[in-house]
Structure formats: C-alpha cells, structure tokens
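Enquirer: Here it is, the structure in full.
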Amino acid sequence: MGKDKKDSSSYDEKLVTVAIHTYDKAHILKSILESEGIPAVIHGIKLIDPVIPGNVRVRINESDLPRALQIIEDVDFSSGMESENQKKTKKEILIPVDFSDYSLVACEFGFRLARDMDCKVKLLHAFFTPFYPASVPFGDTFTLQTTDKDLFQDVRNRTEREMQNLVEKIENRIASGAIPQISYSTALVEGLPEEEIITYSKKIRPTAIVMGTRGKNAKELDLIGSVTAEVMEGCRTPVFAIPEGAKIRSISEMKTIVFLTNFQEREFKAFDIMMKFLKPYPVKVYLAHIAKKEDVWNEIKLSGVQKRFSDLYPHLQIEYKLIDQNEGLEVTLDKFAETNNVDMISLSSSRRNIFARIFNPGIARRMIFHSDTPLLVIKGM
C-alpha cells in the first residue's frame, strides 16, 4: 500500500513552465528534453490546426527544473539551418525595432555604421501575440486559451502597418540628411524578441547588431533594456546598445573609447573585433581595469596589455587606467565615463548560465540601465 501511494504521488507532481515558444520550437525543445530523460508536455495549441502561429508553453515536473535549465542553456534552434555560404559574416547591420523612439535612435546609429562599414541594413521586428503573457512564473496555475486565427491576423496586420510607419519616418530622415541613404530591408517574425534576434544572428551572422535602450532613466524591469541584455548574453555577434540620451550617435564622431579588461585571453580577440569598427578613425582608447583596491600587479598587467596593443596598432593612442571601485561597479564606470568624456564603453563578455545571469548580472547588463554612454559588447570567442 505504501509503495502504491508513493507511485501515485509522483504523477501528481506540480508541472512548471520552463519555456514559451512558437509551435515548432516548442516541439524541438520537448524532443530535446525527453531525449535527456525529462518528460515534457506542451500546452496552449490547437491540435486540430496546430500550424497556426501561436505561443505555446513547454512544461515539466518541478523536480526536473534545475537539470532542464542547464540543457536549455545549450539549445541552439538555428542548428542545422546554416548553409556553407551563410557561415561567413554577412555584410549586414541588424537593427531590431519595436517602433518606439528608441528604434529611431538605433536606426540613426545603425544606418551610419552601415555606411561606414559598407553594409546593408536589416530592420527586424519580432512580435509576441498578446494572448499569452510574455513572462510566466514557473509555478503558474492559470489556463491558457487557444489562439484565434483571426485575432492573430489582426496582430500581424497591425504590426505590418507599424513597420510601414517606421519606414516612412526613416525615409523622411533620409530625405532630410539626418540618416544616410543605405540599402535596407524589413522582416517580421513571430516569437519572443530576444529569442528571434539571437536565432537570426546565428543563422545570418550579421556584422553587428544595433539596439536602442532607455539608458539612465530605465528601471530594472524595463522591457527594451531586458531584451537588449538577453541578446548580449546569447549571441556572438557584436552588439551596440545606444541609449536614448547618447550624445554621440556615430562611430566616426567618437574620440574616446574605454575598453574594459580583466586580463582574459578572449579580450585580445575582442579588441581586434572592436578595431574593425574603429580602425579608420583617430580615437583614443583607455585600457581600463576596475578594482576595489590598488594592486601593483594590476598596473603591471595593464602596462603589458597596452604594449601589446600599441605594437599591433601603432597609429592608436592608448592609455591604461586603474579605476578604483569605491561605489557600485556601474556607478564607478559611469562617473569615469562622464569625467573623461568617454563616447563608448567596449567590453568582452563570456556566456554565463542562467543562474549567474539572475543572481550576479554582468556589467554590460547593469550599464544598460544606468548609463547614457553607448556600449559595444563582444562575446568571447
């Protein structure tokens, strides 16, 4: 009797939502989880007409959550989608847009960057149908309603109109000379914005991604900043985050750049990638290391890094700076940027697991919400 009771309770274990995806991606994730021995179910689809685009949840037993999150960290939905020709970086600047004023800020910077890099521009908007919430707590108990085809089409039509309105604004700015005349195209995709941007980046490999943010006045729950932060964490394409309050909105106008270093090998590659954007211009670069206490070894290491980069880029004016962290890291860096008239902060970022991102957010993510200085984040190779 005791054994039967134990077995019965296992079937009553609480289901939790581990991800929300489109129909196809939900099935891919379900298959991956089940191949690892984690039972998964899909909620929120029409079994009669399952190909209608919608937002579906992948649910698992609560006890499987920690292991499932580790597996999801390594899931690449673009796997197998790339041809041999697509493996090379495409001369394209990707600008994700949400039709806000921040999108126009990103377009202004992105179109100028495309001109300087001899690239085309892709304007990408990912729309998440409103029938399900974008963020669902793991322990949710509400019931999702199936997506109505007519309602979905209404959302699609409205999104197309908003994209056309944005294109008209861009064309007006091109006509006035505020934005350079660059070849560009638009794309609409259905799904979570951060997920679709990362998937597109892995498949197409654009030269850079340019995203607008709210900057200093943003809150931690700011949607625009949160999407930008997830894109920075999740893709290898260099990401420019341009705050609404940024004074400089073109690489060619920049005079002073800070490159943050923690003396990691990946930073040498990141510096080389940064220089592909900066090389034609006479900029000053601060090699900066932030520490709570002065350490002579930090200065010795900085001096060595400076010599290496000076040898590689003799035309570049490079100085090193030890920044004393006597306040919060983002506050310290923001003050340094203001005092030294810094036009952009650049740093290398490594892929971190979901627990690290939640409990110890990286400096790039924190700066998005606390600074009006543009950021260039380059994923460690």
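Enquirer: Put one equal scatterer on each alpha carbon of region 228-315, apply the Debye formula with no solvent term, and list log10 I(q)/I(0) at q = 0.11, 0.15, 0.17, 0.22 1/Å to two decimals.
Expert: -0.38, -0.70, -0.89, -1.29
Enquirer: Please report how many Lys pairs in region 251-379 have alpha carbons closer than 13 angstrom, counting only residues at least 8 apart along the chain or sitting on separate chains.
Expert: Here the count comes out as 5.
Enquirer: Moving to a separate point now. Hey, for a label at residue 312 modelled as a point 7 Å past Cα toward Cβ, could you say which residues of region 269-290 have their backbone N under 11 Å away?
Expert: 269-276
Enquirer: Would you work out if region 251-379 is rounded, prolate or oblate? Take a ≥ b ≥ c from the square roots of the eigenvalues of the alpha-carbon gyration tensor; rounded if a/c is under 1.5, else prolate when a/b is larger than b/c, oblate otherwise. If you can, show how the numbers build up before the last one.
Expert: Numbers: a/c = 1.39, a/b = 1.28, b/c = 1.08.
Taking the square roots of the gyration eigenvalues as a ≥ b ≥ c, region 251-379 is rounded.
Enquirer: If you stretched the chain out fully between residue 253 and residue 281, how much longer would it get, using 0.36 nm times the residue separation minus the C-alpha to C-alpha distance?
Expert: Numbers: separation 28, 0.36 × 28 = 10.08 nm, distance 0.86 nm.
Result: 9.2 nm gained on full extension.
Enquirer: Shifting gears a bit: For region 304-345, which GluC sites (Glu not before Pro) are both in a DSSP coil and crowded by at most 15 other Cβ atoms within 10 Å? Walk me through the numbers on the way to the answer.
Expert: Numbers: sites: 319, 327, 330, 338; in loops: 327.
Loop-located and lightly packed - 327.
Enquirer: Kindly rank 153-165, 277-289 from highest to lowest mean number of other beta carbons found within 10 Å of each residue.
Expert: 277-289, 153-165
Enquirer: What number comes out for the charge environment of residue 252, summing +1 per Lys or Arg and -1 per Asp or Glu over other residues with Cβ under 12 Å away?
Expert: Working: positive: 112, 115, 249, 255, 279; negative: 116, 253, 343.
Net charge in that neighbourhood comes out at +2.
Enquirer: Could you order peptides 120-127, 171-178 by the average number of other Cβ atoms within 10 Å of their residues, highest first?
Expert: The most tightly packed comes first, giving 120-127, 171-178.
Enquirer: Provide the packing ranking of 267-275, 107-115, i.e. peptides ordered by the mean count of other C-beta atoms within 10 Å per residue, highest first.
Expert: 107-115, 267-275
Since every read-out is calculated from the coordinates, none of them should be taken as a lab result. Keep in mind the model is a prediction, meaning the values are calculated, not measured. Methodologically, a virtual Cβ is constructed for each residue, glycine included, from the backbone with ideal geometry; neighbour enumeration extends over all protein chains shown.
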